[in-house]
Amino acid sequence: MKTAFITGASSGIGRATAVALAQAGFQLVVTGRRRERLEELAQQLAPTPVHLLLFDVRDRAATDAAVSSLPSDFRQIDVLVNNAGGAHGLAPIQDGDPDDWDQMLDSNVKGLLNVSQAILPSMVQRKQGHIINIGSIAGSETYANGNVYCASKAAVAALSKGMRLDLLPHHIRVAEVNPGAVETEFSTVRFKGDTDRASSVYKGYEPLRPEDVADVIQFMVTRPPHVNIAEVLLLPAAQAAATTMRKEL
Ligand code: NDP
Ligand code: 8X3
């Protein structure tokens, strides 16, 4: 049985990806900071073998310790989905909160690096692995007030290309999935629990569901070993650019 390691599986895209990869026959390592969410997911996925790891991807030592703690039957990671992250705040650069900047850069960029570095040695040793980094349309289009979030996702785009180059000799596939608007807890987190403001982001058009992104990831990781779908831009049909939606209010 192949093993997929999914960060940020307690919610949204990561959670839906866990469900989709379990359906595709993977056993799973699911990670996040909210234990109850992950326990509930593992129950839902039974009888798929699921191992929970609770750690903050910003904490390099905790990340290393969590990966090192994996039992032997979950240690050979075939697929890594670097998904954990999000946006904190939406403000002009001059009004930005540096704590928000830290959260975004430390989770979305350095967290991805921390997790990858913890898992890569075993992939390199086995000359086998497939990494899916979750970027965003925000990585290629900077929108007003998105500044640091967009920069963090531009970094994910650059890192995905860099990882693909460096890991080529080691037979490790690296790919990036760049979604547009997906209705998850993303905007609730961005707006610090303001659910009215969060739901207004998805009003007047049909956003993607997390399952739509998970379907694509499932397809990507079930291609034959000679195929790498290296980059995907996945948009709702009602979205043409980062902030251009066809709204019917
Ligand atoms: P959610 O807020 O629903 O999920 C985010 C997940 O990331 C949660 O499981 C959360 O787990 C985990 N997470 C966040 N920060 C950390 C951290 N520091 N350490 C460990 N886990 C963390 O949002 P989405 O599902 O939408 O977001 C998933 C990814 O998709 C993000 O990288 C986001 O930037 C990206 N994305 C989202 C889009 C959207 O429109 N929703 C569009 C494009 C990209 P917990 O809180 O339990 O730790
Ligand atoms: C999340 C989508 O457009 O809000 O990455 O940045 S967007």
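Find all pairs meeting these conditions: Cβ atoms under 9 angstrom apart; at least six residues apart or on different chains; first residue within region 201-217 and on the phi > 0 side of the Ramachandran plot; second residue crowded, with 18+ Cβ neighbours inside 10 Å and at pLDDT 95 or above.
Once the first residue is on the phi > 0 side of the Ramachandran plot and sits in region 201-217, its partners that are crowded, with 18+ Cβ neighbours inside 10 Å and at pLDDT 95 or above give 204/245.
Which one of these is surrounded by fewer than 20 Cβ atoms within 10 Å (Cβ to Cβ), within 12 Å of ligand 1 (Cβ to nearest atom) and among the basic types (Lys, Arg): 209, 246? Steps first, answer last, please.
Numbers: 246 fails: within 12 Å of ligand 1 (Cβ to nearest atom).
So the residue among 209, 246 that is surrounded by fewer than 20 Cβ atoms within 10 Å (Cβ to Cβ), within 12 Å of ligand 1 (Cβ to nearest atom) and among the basic types (Lys, Arg) is 209.
Give region 122-144 a look and list any residue that's touching a residue at least 24 places away in the same chain (Cβ under 8 Å) and away from ligand 2 (no atom under 15 Å from the Cβ), or say none.
122, 123, 124, 126, 127, 128, 129, 130, 131, 132
Do you know which residues across region 70-87 are buried (at least 21 other Cβ atoms within 10 Å of the Cβ) and either aliphatic (A, V, I, L, M) or more than 20 Å from residue 15 (Cα to Cα) (or both)?
Result: 77, 79, 80, 81, 84, 87.
Only residues in region 95-112 that are farther than 18 Å from residue 84 by Cα count as the first member; pair them with residues that are at pLDDT 95 or above, Cβ under 7 angstrom, at least 6 apart or cross-chain, and list the lot.
96/89; 96/147; 96/148; 97/89
Does residue 235 satisfy the condition of being hydrophobic (A, V, I, L, M, F, W, C), farther than 20 Å from residue 11 by Cβ and within 12 Å of ligand 1 (Cβ to nearest atom)? Lay out the reasoning, then the answer.
Values: hydrophobic (A, V, I, L, M, F, W, C): yes; farther than 20 Å from residue 11 by Cβ: yes; within 12 Å of ligand 1 (Cβ to nearest atom): yes.
For residue 235, the condition - hydrophobic (A, V, I, L, M, F, W, C), farther than 20 Å from residue 11 by Cβ and within 12 Å of ligand 1 (Cβ to nearest atom) - is met.
What's the number of the only condition in (1) within 14 Å of ligand 1 (Cβ to nearest atom); (2) under 13 Å from the mean Cα position of the chain (by Cα) that residue 175 fails to meet?
The failed condition is (1).
Among the numbered criteria (1) closer than 30 Å to residue 75 by Cα; (2) surrounded by fewer than 22 Cβ atoms within 10 Å (Cβ to Cβ), which single criterion is violated by residue 196?
So the condition that residue 196 fails would be (1).
Look through 37, 126, 75 and report the one residue that is under 18 Å from the mean Cα position of the chain (by Cα) and of a type in the set (D, E, K, R). Break it down into steps so the answer makes sense when it comes.
On the way: 126 fails: under 18 Å from the mean Cα position of the chain (by Cα); 75 fails: under 18 Å from the mean Cα position of the chain (by Cα).
Among 37, 126, 75, only 37 is under 18 Å from the mean Cα position of the chain (by Cα) and of a type in the set (D, E, K, R).
For region 122-165: of the residues being more than 16 Å from ligand 1 (Cβ to nearest atom) and small (Gly, Ala, Ser), which is surrounded by the most Cβ atoms within 10 Å (Cβ to Cβ)?
Per the criteria, the residue is 129.
Which condition from (1) crowded, with 17+ Cβ neighbours inside 10 Å; (2) without any contact (Cβ under 8 Å) to a residue 60 or more places away in the chain; (3) away from ligand 2 (no atom under 15 Å from the Cβ) is the one that residue 119 breaks?
The failed condition is (2).
Please specify each residue of region 25-78 satisfying the condition of being of a type in the set (Phe, Trp, Tyr) and either modelled with pLDDT under 95 or more than 10 Å from ligand 1 (Cβ to nearest atom) (or both).
Keep residues of region 25-78 that are of a type in the set (Phe, Trp, Tyr), which gives 26, 55, 74.
Within region 25-78, 26, 74 meet the criteria.
Read through the list (1) in contact with a strand residue (DSSP E or B) (Cβ under 8 Å, 6 or more places away or on another chain); (2) crowded, with 22+ Cβ neighbours inside 10 Å, then give the number of the only condition that residue 184 fails.
Single failed check for residue 184: (1).
If residue 197 meets every condition in (1) under 27 Å from residue 92 (Cα atoms); (2) within 13 Å of ligand 1 (Cβ to nearest atom) apart from one, which number is that one?
Unmet condition: (2).
Residue by residue through region 227-249, note down the ones that are without any contact (Cβ under 8 Å) to a residue 40 or more places away in the chain and under 21 Å from residue 81 (Cβ atoms). Can you show your working first?
Filtering region 227-249 down to residues without any contact (Cβ under 8 Å) to a residue 40 or more places away in the chain leaves 227, 237-238, 240, 244.
Residue satisfying the conditions is 227 alone.
The values are calculated or read from the model by the stated rules, or taken from the named source; none is laboratory data. Nothing here was measured: the structure is a model prediction, and the numbers come from that model. Please note: Cβ atoms are built from the backbone with ideal geometry, for glycine as well, and neighbour counts cover all protein chains shown.
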